[in-house]
């Protein structure tokens, strides 16, 4: 399956008193990877960005094994599960060569922040997300 992979460096502040990455940080990891993936899709104009936003409706994380703090980055894989109408669902895996630490999904809605209403995903956005959709 085609996917976007972001190499995410761990930060000392991510670790809790047990020495592993705190569960709350995983949402930030998903956000960072998702933001990096769509960076080229974002309009340069701020007003245009507000009209072509995506808002998170739901995040689900399945924690597999503890991720201990370390110097080496982890891979955050992102792929498109669904892209239809106003709905975008992304899948994620936080992993390295040996372990998958978490799997997750995020359901999002295409949204116009200026009108405060959902919008349809544009043809250009569909074309972009198709790169990361399983055949």
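The values are calculated or read from the model by the stated rules, or taken from the named source; none is laboratory data. The model shown is predicted, which means the values in this text are computed figures rather than measured ones. All Cβ positions, even for glycine, are placed from backbone atoms using ideal geometry, and neighbour counts span all protein chains on display.
Among the residues of the range 40-75 satisfying the criterion of being over 30 Å from residue 17 (Cβ atoms) and touching a strand residue (DSSP E or B) at 6+ places or on another chain (Cβ under 8 Å), which is surrounded by the fewest Cβ atoms within 10 Å (Cβ to Cβ)? Please lay out each step first, then the result.
If we filter the range 40-75 for residues that are over 30 Å from residue 17 (Cβ atoms), which is where we start, we get 40-55, 57.
Next cut, touching a strand residue (DSSP E or B) at 6+ places or on another chain (Cβ under 8 Å) only: 50-55, 57.
Values: 50: 14, 51: 14, 52: 20, 53: 15, 54: 19, 55: 10, 57: 13.
Step by step, filter the range 40-75, then rank; the result is 55.
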### Query
Scanning the range 26-39 for residues that are touching a strand residue (DSSP E or B) at 6+ places or on another chain (Cβ under 9 Å) and over 20 Å from residue 109 (Cβ atoms), which turns out surrounded by the most Cβ atoms within 10 Å (Cβ to Cβ)?
29
### Query
Does residue 7 qualify as being surrounded by fewer than 14 Cβ atoms within 10 Å (Cβ to Cβ), touching a residue at least 60 places away in the same chain (Cβ under 8 Å) and out of contact with any strand residue (DSSP E or B) (no Cβ under 6 Å at 6 or more places or on another chain)?
yes
### Summary
Only unsatisfied item for residue 52, checking (1) more than 28 Å from residue 13 (Cβ to Cβ); (2) more than 18 Å from the chain's Cα centre (by Cα), is (2)
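Those residues that are over 20 Å from residue 57 (Cα atoms) and surrounded by 12 or more Cβ atoms within 10 Å (Cβ to Cβ), I need them from the range 94-131; list them, please. Give the derivation first.
Going residue by residue through the range 94-131, those that are over 20 Å from residue 57 (Cα atoms) are 94-101, 123-124, 127-128, 130-131.
Matches in the range 94-131: 94, 95, 96, 99, 100, 101, 128, 130, 131.
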### Query
Picking from 38, 56, 78, which residue would you name as being closer than 30 Å to residue 115 by Cβ, touching a residue at least 40 places away in the same chain (Cβ under 8 Å) and not in a strand (DSSP E or B)?
38
### Query
So how many residues does the range 113-135 have that are in contact with a helix residue (DSSP H, G or I) (Cβ under 9 Å, 6 or more places away or on another chain), closer than 16 Å to residue 78 by Cα and assigned to a loop (DSSP other than H, G, I, E, B)?
1
### Conditions (1) in contact with a strand residue (DSSP E or B) (Cβ under 7 Å, 6 or more places away or on another chain); (2) exposed (fewer than 12 other Cβ atoms within 10 Å of the Cβ); (3) over 16 Å from residue 131 (Cβ atoms): number failed by residue 12
(1)
### Query
Residue check: is residue 92 over 19 Å from residue 133 (Cα atoms), in a strand (DSSP E or B) and at pLDDT 95 or above?
no
